[in-house]
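Working notes, beginning with the structure itself.
The values are calculated or read from the model by the stated rules, or taken from the named source; none is laboratory data. Because the structure is a prediction, the values reported are computed rather than measured. All Cβ positions, even for glycine, are placed from backbone atoms using ideal geometry, and neighbour counts span all protein chains on display.
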Amino acid sequence: MTQKRVAITGAQASANAMRQINPEVVAAYPITPQTDVMHAFAKFVADGKVDTELILVESEHSAMSACVGAAAGGVRAMTASAANGIALMWEIIYIAASNRLPITMNVVNRALSGPINIHCDHSDSMGCRDAGWLQFYSESAQEAYENTLMAQKVSEHPQVLLPSMVCQDGFITSHAVEVVDLLDDATVKNFIGNYTPKYPLLNYEQPMTSGPVDFYDYYFEHKKQQMDAMEKAKTVIHNVFNEFEKITGTHYDFFEGYQLEDAETVLVAASSSAGTIRVVVDKLRSQGKKVGLLKIRVFRPFNNELITKKLENAKAVAILDRSATFGGFGGPLFTEIRSAFYEKTKKPTIINYIYGLGGRDLTVELVQQAYSELEKPKQGPTVRTLGVRE
């Protein structure tokens, strides 16, 4: 195994993972800030570095529809999108999962309109959290690259056969240049392996249909199979993480702690915010404060038993959500994690911060504020905002 160290953006990192996977079909439609992923991949197509049929469609709804048709036909299919584009393909997002098609989509997280906003929050992917897709969140360009490779392998596992979203923060990660270690093509090809679909539509010797009318006599059973596949995906993800660790030397987990072992106050966050929090953890640790970070890498399937184990020794936990659930009690990460502790006798005090909507910066000062308030978590509401002008 060899690695090539390059300075590239998160979007280019995702495109390089797609190049090495070498899918037979990629459907593309531009939307900021995802467009750079497809620009980079289209250059690979033009330069003959992939065998992919790149389909330029008229909308994101068509992009996901093309991927559904290609995957049902028995080939690897990928795409990328963001925000309003994901909202437009909403109908087909459910169809892709319900038809058990292992499509991988790079999601460059962006706020949903309106008012129109092209910057980062997680309202797009979090809106899809119950659509039946696996969801991986990337702190850096390196993770966007590696998560894409691992997600592809997980999705295609015969016990899973579910599509994957690999998320990175719009502009913050997608357009920032970072140092990324790319694996050599042969290593990736060996890791990904061949994909042999079980029931391809183009198998002329065994004609079949996919996604027909499914009323009350069978629909419930098919939904139960999807639920079971999500549960089985936990073990498959764990095994794929371990396999990839042997290649890169990096440890991967659903939730990854930093200075967590003896931490009394912990912040939980996904994607690029974890990097900012890590800087503050180091600063506060140097002052003798027992603070820590828990980063979310995999949100779907949600590993409730593991996250309670990771956080059970903390006195107080603040969960940072970069999306709002209007009318709900707290953000999506908060509701999942707080619910996971319901039957536990040993549990921390848990509060929630909604932050960073529409691309508003999570500054070092705001993270310090969160840690400071976490020292007395009960002095204030359970669900709060961080960084909004009151």
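Given the options 371, 342, name the one that is among the aromatic types (Phe, Trp, Tyr), assigned to a helix (DSSP H, G or I) and more than 23 Å from the chain's Cα centre (by Cα). Within the list 371, 342, the selection yields 371. The strands (runs of 3 or more DSSP E) found wholly in the range 14-120 and carrying at least 3 residues that are within 17 Å of the chain's Cα centre (by Cα) and of a type in the set (A, V, I, L, M) occupy 104-109. Contact annotation: residue pairs with Cβ atoms under 9 Å, 6 or more positions apart or on different chains, pairing a residue in the range 64-75 that is under 15 Å from residue 52 (Cα atoms) with a partner that is in a helix (DSSP H, G or I), are 67/92; 67/96; 71/96. The set of residues in the range 225-243 being within 17 Å of the chain's Cα centre (by Cα) and not charged (D, E, K, R) consists of 230, 233, 236, 237, 238, 240, 241.
Condition check ((1) at pLDDT below 95; (2) of a type in the set (Ser, Thr, Tyr); (3) touching a Lys or Arg at 6+ places or on another chain (Cβ under 6 Å)) across all residues:
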site: 252; (1), (2), (3): no, yes, no
site: 255; (1), (2), (3): no, no, yes
site: 277; (1), (2), (3): no, no, no
site: 292; (1), (2), (3): no, no, no
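Per the conditions (1) part of a helix (DSSP H, G or I); (2) out of contact with any His (no Cβ under 8 Å at 6 or more places or on another chain); (3) among the acidic types (Asp, Glu); (4) under 30 Å from residue 221 (Cα atoms), the sole criterion not satisfied by residue 146 is (4).
Screening residue 116 against (1) without any contact (Cβ under 8 Å) to a residue 12 or more places away in the chain; (2) closer than 19 Å to residue 239 by Cβ; (3) not polar (S, T, N, Q) leaves a single unmet condition, (2). Scan the range 319-358 for residues that are buried (at least 23 other Cβ atoms within 10 Å of the Cβ), over 13 Å from residue 126 (Cα atoms) and aromatic (Phe, Trp, Tyr) and jot them down. 353, 355 - these are the residues of the range 319-358 that are buried (at least 23 other Cβ atoms within 10 Å of the Cβ), over 13 Å from residue 126 (Cα atoms) and aromatic (Phe, Trp, Tyr).
Looking only at the range 36-54, residues that are in contact with a Phe, Trp or Tyr (Cβ under 9 Å, 6 or more places away or on another chain) and closer than 19 Å to residue 81 by Cβ come to 3 in all.
Looking at residue 318, is it modelled with pLDDT of 95 or more and either part of a loop (DSSP other than H, G, I, E, B) or not assigned by TED's automatic domain parsing to the domain that holds residue 381 (or both)? Quick ask: steps written out before the conclusion?
Details: modelled with pLDDT of 95 or more: yes; either part of a loop (DSSP other than H, G, I, E, B) or not assigned by TED's automatic domain parsing to the domain that holds residue 381 (or both): no.
Spelling it out, it is not the case that residue 318 is modelled with pLDDT of 95 or more and either part of a loop (DSSP other than H, G, I, E, B) or not assigned by TED's automatic domain parsing to the domain that holds residue 381 (or both).
For the range 188-216, the candidate set comprises residues that are of a type in the set (Val, Ile, Thr) and farther than 17 Å from residue 15 by Cα; within that set, the residue that is surrounded by the fewest Cβ atoms within 10 Å (Cβ to Cβ) is 213. Given the condition in contact with a Gly (Cβ under 8 Å, 6 or more places away or on another chain), of a type outside the set (A, V, I, L, M) and not assigned by TED's automatic domain parsing to the domain that holds residue 141, answer yes or no: does some residue in the range 201-224 qualify? Yes - at least one qualifying residue is present in the range 201-224. Please verify whether residue 195 is without any contact (Cβ under 8 Å) to a residue 24 or more places away in the chain, aromatic (Phe, Trp, Tyr) and part of a loop (DSSP other than H, G, I, E, B), treating the condition exactly as stated. The answer is no for residue 195. In the range 359-390, of all residues being over 13 Å from residue 268 (Cβ atoms), of a type in the set (Gly, Ala, Ser) and in contact with a helix residue (DSSP H, G or I) (Cβ under 9 Å, 6 or more places away or on another chain), the one that is surrounded by the most Cβ atoms within 10 Å (Cβ to Cβ) corresponds to 387.
In the range 287-312, the residues that are outside any strand (DSSP E or B) form Cβ pairs under 9 Å with partners that are small (Gly, Ala, Ser) and crowded, with 23+ Cβ neighbours inside 10 Å, at six or more places apart or across chains, as follows: 290/263; 297/138; 297/270; 301/233. Condition check for residue 269 on (1) outside any strand (DSSP E or B); (2) within 24 Å of residue 9 (Cα to Cα); (3) in contact with a helix residue (DSSP H, G or I) (Cβ under 7 Å, 6 or more places away or on another chain); (4) hydrophobic (A, V, I, L, M, F, W, C): one failure, at (1). Residues satisfying the criterion are present in the range 93-115 (criterion: over 23 Å from residue 147 (Cα atoms), at pLDDT below 95 and either touching a helix residue (DSSP H, G or I) at 6+ places or on another chain (Cβ under 7 Å) or of a type in the set (Gly, Ala, Ser) (or both)). Residue-level analysis places residue 202 among those that are within 20 Å of residue 77 (Cα to Cα) and outside any helix (DSSP H, G or I). Scanning the range 71-100 for residues that are out of contact with any Leu (no Cβ under 7 Å at 6 or more places or on another chain) and surrounded by fewer than 23 Cβ atoms within 10 Å (Cβ to Cβ) returns 75, 88, 90, 91, 92, 94, 95, 98, 99. Close contacts from the range 152-175, counting a first residue that is more than 17 Å from residue 138 (Cα to Cα) and a second that is charged (D, E, K, R), with Cβ to Cβ under 6 Å and a gap of 6+ residues or different chains, come to 159/232; 161/100.
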